[in-house]
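Structure first, then comments.
The values are calculated or read from the model by the stated rules, or taken from the named source; none is laboratory data. Quick caveat, the model's predicted, so the values are computed rather than measured. Quick reminder, even Gly has a Cβ in these numbers, built from the backbone with ideal geometry, and neighbours come from all protein chains shown.
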Amino acid sequence: MKSALKKELKLLDVYCIATGAMISSGLFVLPGMAHALVGPAVVVSYLLAGLLAMTGMLSQAELVSAMPKAGGTYFYVARSMGPVVATINGLLEWMSIALKSAFALVGISAFASLFFHVNAYMVAVFFCLLFVVINYLGIKKAGRVQIYMVVMLLVLLVFYVVRGLPAINTQNFTPFIPFGVGAIFSTAGFVFISYGGLIKITSVAEEVKNPARVIPLGMILSLITVVILYAVVIFVTSGVLGAEQLDRSLTPISDGAFVFAGRPGQIALAVAAVLAFISTANAGIMAAARYPLALSRDGLLPDIFGSISQKFKTPNISIVTTGIIIAIALFFKLKILVEVASTVLIFTFIFSCLCVIIMRESGIKNYKPKFHAPLYPWMQIIGILGCWLLVVNMGKEALFISSILFVFGGSVFWFYGRQRTKKDFALLHLIERVAAREFVDVSLETELKEIIHERDENIKDWFDRVIEESIVLDIEETISSDELCKIVSEKMSQIVVADKTMLKKALVKREEQCSTVLRPGLAIPHIVIEGEHIFSVLLARCKPGIIFPGAEKKVQIVFVLIGTRDERSFHLRALSAIAQITQDPSFDRKWIEAEDKEALRNIILFSKRKRH
């Protein structure tokens, strides 16, 4: 059954989902493998990867504040670069996050087998089923589980750093860059998957309360926390273990804890590792399942993936399918999975930077993010170039398999989605702007308008519907109030089905009886006409100003209300709504600066007021 997803996640949930999704294999498994590639400079590789992730994160934060919809990066790519690129990106993201979750489950089973005589594969499958059930029952339950695990994880890691710093042997940092500067960049690409969890939260944006503020703030706090933790924990681990032991270790943090805290410390950090893998797997299933949901909504995958449980308000089919993919992926090889997943995630961050550039430069009026990425466009350009440098250093195997996945995504669009979707996207608006040709319609503007209403929790009422159908005038020269009455009567005579001469006389008479100028710069002419079930509004702007008799200054803002007697309640409620809207101290400035008629209409539609 298709219906709306339930908004239940808050800032703490967002922070813990993103943080828990990042602190896992990137910290508890990869440091040993990465140290073997670059030496003690592995700390620099992690920091470099974090800085490049920041460029994509800030771009994603802007996009999600404008379009908080399920599907994360897929949704932004679809609305900026079109369905072909979006299908490829959406399927790659789905598979990448699912594979990363599988990697986390393998980590759980590996650590469990260190302390118990159990079948590693069965342990991984058990936890896969467990998290599928938790996510099926509701995102609030999944989010609460995430909070508990992340808090415990952070406490254990702080313990590790505090106890480990005094045990560091500085000789273990010599030589610091044994394999050259190039190894730092290639290793940064290898460990980039460590920050992949950062973007998972955008895929559940539709289920976050106040997403335009909460998600950017949660992402920023999460990345700062994780970059600092990675740096200090890996610094301690390198200093405690040294190359000979660290390069061969798949449990580096637990091994480091054993050096300065003995067996109890090793067990404590093994528990931390299991918590990290559990939180990653839980967040991974939570996030990955929203990608097929978003693809299905756009007609790029079958409708069944868009099914939402009527009882639990979760994407049930997508969650179960994701669980099956993860269970199958448990058989795959580790190193190639890490490289492919990292490559795909790097492309995702490149796409995020491109999306911001395209959305901003396309001139789309209803692209209204609440958070703006700083240093535009240099932040995005640095992110694109830096991430591409990581891609070319990833190795032939990773690039080959990623190419196959790209072809697979393109094939899905060609053979299924091509005939089922005709979505407008921002790149066409940008092309039209540059080439001065008609490529686009208004479907994207309309969709973004709906998203803004949903984001700001503005439930449409009758006044919004009236404004959507109203006539908008943008008068470019100074006129008198009589001339305004003539223009209005000609425009509205067909809408209200009345004689234009009669309308003009009624408007002029209303002005003679009592001025409709309510304050300097604003007038609201309103009349009652004969008939039944008629009510309409006209909006007008005149930058040079309209001359009303007796007015202190020229009028630039006009609302004209025309209705029959039986619609008197609408008439009064419309006057009340207009009064609320025009009380905003910034209203006059926004009205004068609006780009065109549609922008004038949107000022009214997006205004803060009491809705009925």
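General observations
- Residue in the range 185-204 that is more than 28 Å from the chain's Cα centre (by Cα), in the same structural domain as S59 (by TED's automatic domain parsing), closer than 16 Å to L154 by Cα and not charged (D, E, K, R) present: no
- Within the range 535-554, the presence of a residue that is touching a Cys at 6+ places or on another chain (Cβ under 7 Å) and crowded, with 17+ Cβ neighbours inside 10 Å is excluded.
- Selection status of V271, touching a residue at least 60 places away in the same chain (Cβ under 8 Å), assigned to a helix (DSSP H, G or I) and more than 22 Å from T19 (Cα to Cα): no
- The listed residue being within 47 Å of the chain's Cα centre (by Cα) and over 20 Å from I592 (Cα atoms), out of V508, V537, V517, V497: V497
- One residue stands out in the range 265-289 among those that are surrounded by 23 or more Cβ atoms within 10 Å (Cβ to Cβ) and polar (S, T, N, Q): the one that is modelled with the highest pLDDT, namely T280.
- Residue match in the range 227-240 (condition: buried (at least 19 other Cβ atoms within 10 Å of the Cβ) and within 23 Å of the chain's Cα centre (by Cα)): yes
- Inter-residue pairs, beta-carbon under 7 Å, first closer than 27 Å to P315 by Cα and in the range 7-36, second in a loop (DSSP other than H, G, I, E, B) and at pLDDT 80 or above, 6+ apart: K7/K209; L9/K209; K10/K209
- Within the range 188-241, tally of residues that are among the polar types (S, T, N, Q) and within 29 Å of V38 (Cβ to Cβ): 5
- Of the residues screened, T321 is one that is assigned to a helix (DSSP H, G or I) and either out of contact with any strand residue (DSSP E or B) (no Cβ under 8 Å at 6 or more places or on another chain) or acidic (D, E) (or both).
- Counting the residues of the range 487-517 that are surrounded by 15 or more Cβ atoms within 10 Å (Cβ to Cβ), closer than 13 Å to P549 by Cα and hydrophobic (A, V, I, L, M, F, W, C) gives 2.
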